[in-house]
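> To start, I am sharing the structure in question, which I have written as structure tokens.
What follows is calculated from the coordinates using simple rules that are stated; it is not laboratory data. As the structure is a prediction and not an experimental result, all values here were calculated from the model. Heads up, the Cβs are rebuilt from the backbone with ideal geometry, glycines too, and the neighbour counts pull from every protein chain shown.
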Amino acid sequence: MDKREFLKNSSILGLGSLLTFPALEKLVRSVEHKSSLELASDDQFWLEIRKAYKLKPEYINLENGYYCIQPEEILEAYIKHVKDVNLQGAYYMRTVQYDNKKAVTQKLADLAGCTPDELIITRNTTESLDMIIGGLNWQAGDEAVMAEHDYGAMLDMFNQVGKRYGVVNKIVSVPLNPRTDEEIVSVYEKALTEKTKLLMICHMINITGQILPVKKICDMAHKKGVQVMVDGAHAFAHIDFKIPDLNCDYYGASLHKWLSVPLGAGLLYVRKDNISKVWPLLAESERPEEDISRLNHTGTIPVHTDLAIVNAMEFYNKIGAKRKEDRLRYLQNYWVKPARAIPNVILNTPSDTTRSCGIANVGIKGMKPSVMAERLLKEHKIYTVAIDSKGVQGCRITPNVYTTTAELDELIKALKILSKV
């Protein structure tokens, strides 16, 4: 079967009779006797899940880390929300908008495992975390610690507060293939001093997929009187956890990634005793300092996106957090294990399978990542993203629940061809 025929046949799986929420519920009930680990390798079950999506036949999409497309039922619900808000106009905005947002926030807080008075809906991770970075009461000489592998938008914000307030930014390097949790904790611990005011860490490093031991880092930092802010852009709705269990002070995430909410939704968690320490991004009328809603003023927003969060959570909850995590880890291991044995192939993701989940980064010795990504798309119809910075050279591979093992077989074939440099 040639590449064009393979893609055509693969796309049919996502264009047949669509999987509705009632059908999804019935499907999940039929496999309740199976553990999530057993189900992770059950391709037939996940082929049924794939029917919830409409997929482009022109390429295999292995770049879900930037933006995970919605299943059709979420998309249709979103369009209905747009129409409903448009029909009601100002009446909706002046009457039920705020009650609806509170209801959505409550459900999102339940999913995150926190109370609704510790969480707000934002537009993305950048807004969430930059609000914290820019909103603390910095003094000249204060120190902030972060890693070179952290997301650029946050590093840029730290650079700005450095110039504006005289904050000293200390940048560490996280080992790509750590042997123990303590090795990672030690990297951060050595950078902390009595002047350190804030430590930023990733829950899951976006360019490599490495999962950090967040709670251990937070426990260590708190013993030294340092607050910890966590970038959870790629962890939320990807791996199974509750935010309070991490013992962090602040947590930000983008809901358009692994929760598959339409673009324009994120979250910010602020532990209750820290709310009064943060200035809003945009000024709000006088409210109690411990009221987290004072951090949530951004003017008129596309409220229909907020409403679609509930639909996305319904889909996610029906599949099940552990089922999704185990499937994504299975898919990563499915292609990474044989890839490690291919000459000239470099894996920039930890070899310990517990230290990552769905995301991995792969490179070809002697080949620029941009060239690799271009050849994967043009020659093999596989869409990825090139990463060429901070000691990481390769393409980030991010499958989704609709990704098939047959598609990953195509990736393995492509790597074997490209590695013959």
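> For segment 76-315, just the Cα set please: Rg and Dmax, both in angstrom.
Cα-based Rg and Dmax for segment 76-315 come out at 18.2, 58 Å.
> Size of the dipole of segment 32-76 about the Cα centre, Lys and Arg at +1 and Asp and Glu at -1 on the beta carbon, nothing else charged, in debye to 20?
So the magnitude is around 120 debye.
> Which whole DSSP H helices in the chain pass both tests: a Cα extent of 20 Å or more along the axis and a mean Kyte-Doolittle value no lower than -0.5?
Flagged H segments are 72-88, 303-319.
> Where does the chain land at 222 nm, in deg cm²/dmol rounded to the nearest 500, when only DSSP H runs of n ≥ 4 count, each adding -39500 (n - 2.57), divided by all residues?
Dividing the helical sum by the residues of the chain leaves -13000 deg cm²/dmol.
> By how many nm would the segment from Lys224 to Lys102 grow when fully extended, if each residue of separation counts as 0.36 nm and the alpha-carbon distance is taken off?
Fully extending the segment from Lys224 to Lys102 adds 40.3 nm.
> So for Trp138, Trp279, fewest C-beta neighbours within 10 Å to most, what's the order?
By the 10 Å Cβ count, ascending: Trp279, Trp138.
> Work out, step by step, the length gained on full extension between Leu47 and Tyr91: first 0.36 nm times the residue separation, then minus their alpha carbon distance; give nm to one decimal.
11.5 nm
> I need Asp150, Asp156 ordered by Cβ neighbour count within 10 Å, fewest first.
Asp156, Asp150
> If you don't mind, there's one more thing I want to ask. Given a Förster distance of 25 angstrom, what is the FRET efficiency for Asn317 paired with Lys54, based on the Cβ-Cβ distance and rounded to 0.05?
The value I calculate is 0.70.
> Restricting to bridges with both residues inside the chain, how much of the DSSP beta-bridge set is antiparallel, in percent to the nearest 5?
Around 50 percent antiparallel, to the nearest 5.
> Okay, next question. Using +1 on the beta carbon of Lys and Arg, -1 on that of Asp and Glu, and nothing else charged, what's the dipole of the chain about the Cα centre, debye to 20?
Here the chain has a charge dipole of around 980 debye.
> While we're looking at this one, here's another question. Given the Cα-Cα distance of Lys190 and Ala341 and 0.36 nm per residue of separation, how much length would full extension add, in nm?
That works out to 50.8 nm of additional length.
> Restricting to segment 76-315, what percent of DSSP beta bridges are antiparallel, rounded to 5?
Restricted to segment 76-315, the bridges split so that about 35 percent are antiparallel.
> Going toward the positive end of the dipole of the chain, with +1 on Lys and Arg Cβ and -1 on Asp and Glu Cβ, which of Ala147, Ile417, Ser370 do you reach last?
Value computed over the given set: Ile417.
> I would also like to ask the following. If the cut-off is a Cα-Cα distance under 20 Å, which lysines reach Lys416, setting aside same-chain residues fewer than 8 apart in sequence?
Output for Lys416: Lys3, Lys337, Lys365, Lys368, Lys378, Lys381.
> I'd like to know which of Thr95, Thr122, Tyr165 lies farthest towards the positive end of the charge dipole of segment 76-315, counting +1 on Cβ of Lys and Arg and -1 on Cβ of Asp and Glu.
Tyr165
> What is the calculated FRET efficiency for Leu18 to Ser276, with r their C-beta to C-beta distance and R₀ = 45 Å, to the nearest 0.05?
Once the sixth-power term is evaluated, E becomes 0.40.
> Rank Trp279, His81, Ser351 by how far each Cα sits towards the positive end of the charge dipole of the chain (+1 on Lys, Arg Cβ; -1 on Asp, Glu Cβ) and give me just the farthest.
Ser351
> Roughly how many debye, to the nearest 20, is the charge dipole of segment 72-179 about its Cα centre, given +1 on each Lys and Arg Cβ, -1 on each Asp and Glu Cβ, and no other charges?
220
> Let me ask something else about it. Which percent of Cα-Cα pairs in the chain sits in each 20 Å bin, short to long?
Calculated P(r), rounded to whole percents: 26, 56, 18, 0.
> Can you pull the one-decimal nm distance between simple spin-label points at Lys420 and Asn177, each 7 Å off the Cα toward Cβ?
Label-label distance for Lys420 and Asn177, simple model: 2.6 nm.
> While we're looking at this one, here's another question. Between Glu76 and Glu379, what is the label-point separation in nm under the 7 Å Cα-to-beta-carbon projection?
It is 4.2 nm.
> Taking other Cβ within 10 Å of each residue's Cβ, how do Tyr59, Tyr188 sort, fewest first?
Exposure proxy ranking, most exposed first: Tyr59, Tyr188.
> How many nm separate the modelled label positions at Ile412 and Lys170, each set 7 Å beyond the Cα in the direction of the Cβ?
Result for the modelled spin labels: 4.5 nm.
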